[in-house]
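First the structure, in the form of structure tokens, and then the observations on it.
The values are calculated or read from the model by the stated rules, or taken from the named source; none is laboratory data. All of these numbers come straight from a predicted model, not from anything done at the bench. Here Cβ is always computed from backbone atoms with ideal geometry, including for glycine, and neighbour counts include all displayed protein chains. Side chains are part of the model used for accessible areas, which takes the heavy atoms of the whole protein and leaves out ligands, DNA and RNA. Shrake-Rupley method; radii C 1.70, N 1.55, O 1.52, S 1.80 Å.
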Amino acid sequence: MSGRSVVITGRGIVSPLGVGFEQHWSAVLKGEPLDGRSRLVAPPELLLPHLARFPKKQQKLYNRMTLLAMVAAALAMEDAALAPSDMDPTRFGVYLGVNLVGWELGLLLGFLEASESDAHPGELDLARANAYCMRAINPLDYSLKTLPNLTAGYLAIAHNAQGACRAYTDGPVGGLLAIADACQAIREGDLDVALAGGADAQTEDLVYASALGTGLVAREGEAGTGMVPAEGSALMVLEAEERARARGAAPRCRVLGWSSVVGGSRLAAETEGDVLAGRIERAMREGLATAGLARADLLALHADGTPALEAAERAALAALPAGSRPLATTAWKRFHGHLGAASPPAEALAASACLERGMVPGASVEPATALVNAVGFFGEVACLALGAGGGARAR
């Protein structure tokens, strides 16, 4: 891809493994698989100290997803040693993959009960519903906690990012699409810096109940029977490489290229296996091509625990020409669960650590390039290609 080179200079993450990238990475290195749990949250005792960063009155306006994103963004900016005053705010953007936010389950149940028709039980009485909303629901509180694009807006306000501010409600692929679009804006000179990645709170009651309804969630105590929803946020600071080096920042890695392929009209797990495998294989081939690579040393598999999807991803990998297959693969969701829109960015950050340190946990490979896969619930696919940053490798 032509244009300015884009590098990652800051990493921030909140996950069930820890708060802060090094804490998360240390847990990844331990390689302790999930113990059959059906959902995972960020450890409260590790998250609590970071909440002092934000006024309590402000925290009351945040939903869970926004709170996780605010912590991860602050950590990423600190890791990059960047402050809002260090840059032109109009050339600083926010690109964030998010989930559709569910209303608090108790409030929703109260609304449904109060709005039921007396004449026709089980049906909604619109007049009663409207009357209930007018007297029982604070519209400001409702809008501030349920509009998914507000999470990106809160990040932009907190860090004085006055450039593009975009939210992607594209499920698991949204986080990678956000990173790709941010990189494109920097490559083309529209921005100099961006906060990009994803945030999700799949363990919130209504969102979790929706996931259960798809039949894709792992059965309690039975590993390998489906995905394990988790909450988290993974944000990275992306910069034009010449700007980063001019201010003395050591790039974690370079972003080399990306690709995306549209999905279908059915859940990925219900799609014919060869169709889904074809989409994944095409996305990997195109991701390598945009990066100018014959193959990637490391492939971070989507591998979300859904048997049909994992079989399709294995078939896609086998369909690649022998010279295009990676030297090593990883499946990090088996440690931290499925972080939704935050999963692919979290796995991209873990891949950046592999490139930075010249190692892959559990494999005798010193990677210089990596590819990260993301597969959406309806079979859409995105891939991100990364390369070593060119600085001295940490061990």
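Among the residues of the stretch 161-172 satisfying the criterion of being within 25 Å of GLU104 (Cα to Cα) and not acidic (Asp, Glu), which is least open to solvent (accessible area, probe 1.4 Å)? Step through it out loud before you land on a result.
First pass over the stretch 161-172, keeping only residues within 25 Å of GLU104 (Cα to Cα): 166-172.
Applying the additional criterion that residues be not acidic (Asp, Glu) yields 166-169, 171-172.
Values: ARG166: 117, ALA167: 42, TYR168: 26, THR169: 75, GLY171: 23, PRO172: 1 Å².
Once the filter is applied, the top-ranked residue is PRO172.
Are any residues in the stretch 42-66 open to solvent by less than 50 Å² (accessible area, probe 1.4 Å), under 23 Å from LEU206 (Cα atoms) and not polar (S, T, N, Q), and if so, which ones?
ALA42, PRO43, LEU47, TYR62, MET65
Limited to the stretch 60-118, what total is found for residues that are assigned to a helix (DSSP H, G or I), of a type outside the set (Val, Ile, Thr), modelled with pLDDT of 95 or more and over 22 Å from the mean Cα position of the chain (by Cα)?
Total meeting the criteria: 2.
How many residues are open to solvent by 10 Å² or more (accessible area, probe 1.4 Å) and touching a strand residue (DSSP E or B) at 6+ places or on another chain (Cβ under 7 Å) when one looks only at the stretch 186-200?
2
Considering the stretch 354-370 alone, what residues qualify as being crowded, with 21+ Cβ neighbours inside 10 Å and of a type in the set (Gly, Ala, Ser)? Steps first, please.
Pass one, the stretch 354-370, residues crowded, with 21+ Cβ neighbours inside 10 Å: 354-356, 360, 367, 369-370.
The answer is ALA370, and nothing else.
Please go through the stretch 104-118 and pick out each residue that is of a type in the set (A, V, I, L, M, F, W, C) and open to solvent by 50 Å² or more (accessible area, probe 1.4 Å).
Scanning the stretch 104-118 gives LEU105, LEU107, LEU109, LEU112.
So ALA129 ticks every box in (1) of a type in the set (A, V, I, L, M); (2) under 30 Å from LEU191 (Cβ atoms); (3) more than 18 Å from the chain's Cα centre (by Cα); (4) open to solvent by less than 20 Å² (accessible area, probe 1.4 Å) but one. Which box is left unticked?
(2)
Kindly provide the set of residues from the stretch 229-276 that are hydrophobic (A, V, I, L, M, F, W, C) and either without any contact (Cβ under 8 Å) to a residue 12 or more places away in the chain or closer than 18 Å to GLY97 by Cβ (or both), ordered by number.
Answer for the stretch 229-276, where residues must be hydrophobic (A, V, I, L, M, F, W, C) and either without any contact (Cβ under 8 Å) to a residue 12 or more places away in the chain or closer than 18 Å to GLY97 by Cβ (or both): ALA230, ALA234, LEU235, MET236, VAL237, LEU238, ALA246, VAL255, TRP258, VAL261, VAL262, ALA268.
Any idea which residue in the stretch 241-292 is farthest from THR9 (Cα to Cα), counting only those that are open to solvent by 60 Å² or more (accessible area, probe 1.4 Å) and polar (S, T, N, Q)?
SER265
What pairs come out if I take residues in the stretch 194-219 that are free of Cβ contacts under 8 Å to residues at least 24 places away in the same chain and pair them with residues that are open to solvent by 50 Å² or more (accessible area, probe 1.4 Å) whose C-beta lies under 9 Å away, six or more apart or interchain?
These pairs meet every condition: ALA211/ARG39.
Between ALA328, ALA300, ALA342, which is free of Cβ contacts under 8 Å to residues at least 40 places away in the same chain, open to solvent by less than 30 Å² (accessible area, probe 1.4 Å), among the small types (Gly, Ala, Ser) and within 27 Å of GLY18 (Cα to Cα)?
Every option except ALA328 fails the conditions.
Just to be sure, is GLY391 within 11 Å of ARG252 (Cβ to Cβ) and modelled with pLDDT under 95?
yes
When THR90 is evaluated against the numbered criteria (1) open to solvent by 70 Å² or more (accessible area, probe 1.4 Å); (2) touching a strand residue (DSSP E or B) at 6+ places or on another chain (Cβ under 9 Å); (3) of a type in the set (Val, Ile, Thr), which criterion, by number, is the only one it fails?
(2)
I need the full set of residues from the stretch 71-85 which are open to solvent by less than 80 Å² (accessible area, probe 1.4 Å) and more than 24 Å from SER210 (Cβ to Cβ), in order please.
Once the filter is applied, which keeps residues that are open to solvent by less than 80 Å² (accessible area, probe 1.4 Å) and more than 24 Å from SER210 (Cβ to Cβ), the stretch 71-85 yields VAL71, ALA73, ALA74, LEU75, ALA76, MET77, ASP79, ALA80, ALA81, LEU82, ALA83, PRO84.
Name the single residue that is farthest from MET236 (Cα to Cα) among those in the stretch 308-350 being in a strand (DSSP E or B) and of a type outside the set (Ser, Thr, Tyr).
It comes out as ALA328.
Report every pair of residues separated by at least 6 positions or lying on different chains whose Cβ atoms are under 8 Å apart, first residue within the stretch 37-57 and small (Gly, Ala, Ser), second part of a helix (DSSP H, G or I) and open to solvent by less than 30 Å² (accessible area, probe 1.4 Å).
Going by the 8 Å Cβ cut-off, the qualifying pairs are ALA42/LEU68.
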